[in-house]
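Quick notes on the structure that follows.
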Amino acid sequence: MDQTRRFIGVLPLLFLLSSGVQAKALTVMISGGFSAAWEKLAPRFEAQESCKVVTVSGPSMGQSAQAIPARLSRGEQADVVIMVGDALEKLDKAAWLAKDSRVELADSPVGAVVKKGAAPVSIKTEKALRTALLQAQSVAYSDSASGRYVSGQLFEKLGIAAQMKGKAQKVERIPVAREVAEGKYALGFQQVSELLPVPGVSFIGELPASAQYTTRFAGAVTKKSANTQEAKKLLHYLSSAAVQESVRATGLKTVALPQTASVQ
């Protein structure tokens, strides 16, 4: 039944392609934290709207050539960018984005993994987290927002910044969990949505609430997009109530809507 539904869903796109009609294509630049949800939702949007989506992956920030700001700066084209909210704000201030096109998509907490088969580790409380970090032979964190928090604030908050120097390392571009799976590090920290899809590791949980850092992911239409309406429609779809179950299944959290005061 599911296969039949998927086939029926792509019929409009197949018809356009076979009839010689050029299906509209949207180019989406996206960073890792929302990628697992995107992989589920992009094909559904393509089928629903009879369009083609081209995905370009890259970090929200950092010095690598693959980073989204670097890609845009050297002239790579995109209709939509989906990335860490703070980095998206910088793109907006630099006049890369269409006015008022930002859409909030999801929140991502930080979690940790160990190599599959390794002894379980608890990080449920600040005390347990501190012990786990001190006892780990090596620790990895990302080069994005979660890693900046871990290295710049978390260690200091736990009072172990000095002890972590030397054994805590930043991993650039490569998913932290992949490095842990290969045995290069004993303990790895990154946004939960980037940890869960990687095989070969065991997810040991989110940081305790008192030490948690939540990253907002958001999307926007670029100023140079030639498909503005379709791009806006895509962002509306990704933030809609209809897809939130799929979003949460990847380790992300639905963005809380602001409270509206009741009219007396």
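Roll a 1.4 Å probe over the protein chains and send me the accessible area per residue for the chain in Å². Walk me through the numbers on the way to the answer.
Values: 13880 Å² over 264 residues.
Per residue, the chain has an accessible area of 53 Å².
In this rough spin-label picture, where each label sits 7 Å from Cα along the Cβ direction, the Ala209-Gln66 distance is 3.6 nm. Ordering 163-174, 226-237, 82-93 by mean Cβ neighbour count within 10 Å, with the highest value first, yields 82-93, 226-237, 163-174.
For the chain, the carbon plus sulfur part of the accessible surface works out to 52%, probe radius 1.4 Å. With coordinates expressed along the principal axes, the C-alpha atoms belonging to segment 97-199 extend over 49, 31, 24 Å, beginning with the largest. Across all Cα atoms of segment 145-264, the radius of gyration (one decimal) and Dmax (whole number) stand at 18.5, 61 Å. For segment 36-97, count all C-alpha to C-alpha pairs, find those more than 20 Å apart, and express that count as a whole percent of the total. So the portion of pairs separated by more than 20 Å is 32 percent.
Note on the chain: antiparallel DSSP beta bridges, both residues inside, total approximately 55 percent of the bridges counted. For segment 137-144, 3J(HN,Hα) computed residue by residue from phi via the Karplus equation (6.51, -1.76, 1.60; θ = phi - 60°) reads 5, 8, 9, 10, 9, 7, 9, 9 Hz, glycine and proline entered as x.
By how many degrees, between 0 and 90 and to the nearest 10, does the Cα long axis of helix 35-49 differ from the longest principal axis of the chain? So the inclination is approximately 10 degrees. With a Förster radius of 22 Å applied to the beta-carbon distance between Ala256 and Asp86, the computed FRET efficiency rounds to 0.80. Taking label positions 7 Å along the Cα-Cβ direction at both Leu134 and Lys99, the computed distance is 5.6 nm, reported to one decimal. Projecting label points 7 angstrom from Cα along Cα→Cβ for Gln244 and Ala119 puts them 4.2 nm apart. Among the listed pairs Lys93/Lys223; Lys116/Lys157; Lys93/Lys224; Lys170/Lys223; Lys115/Lys167; Lys115/Lys170, those whose Cα-Cα separation exceeds 21 Å are Lys116/Lys157; Lys170/Lys223.
The values are calculated or read from the model by the stated rules, or taken from the named source; none is laboratory data. Here the structure is a predicted model, which is why all the values come from computation and not from measurement. Neighbour counts run over all protein chains shown; Cβ positions are idealised from the backbone, glycine included. Surface accessibility is based on the protein's heavy atoms, side chains included, excluding ligands, DNA and RNA. Shrake-Rupley method; radii C 1.70, N 1.55, O 1.52, S 1.80 Å.
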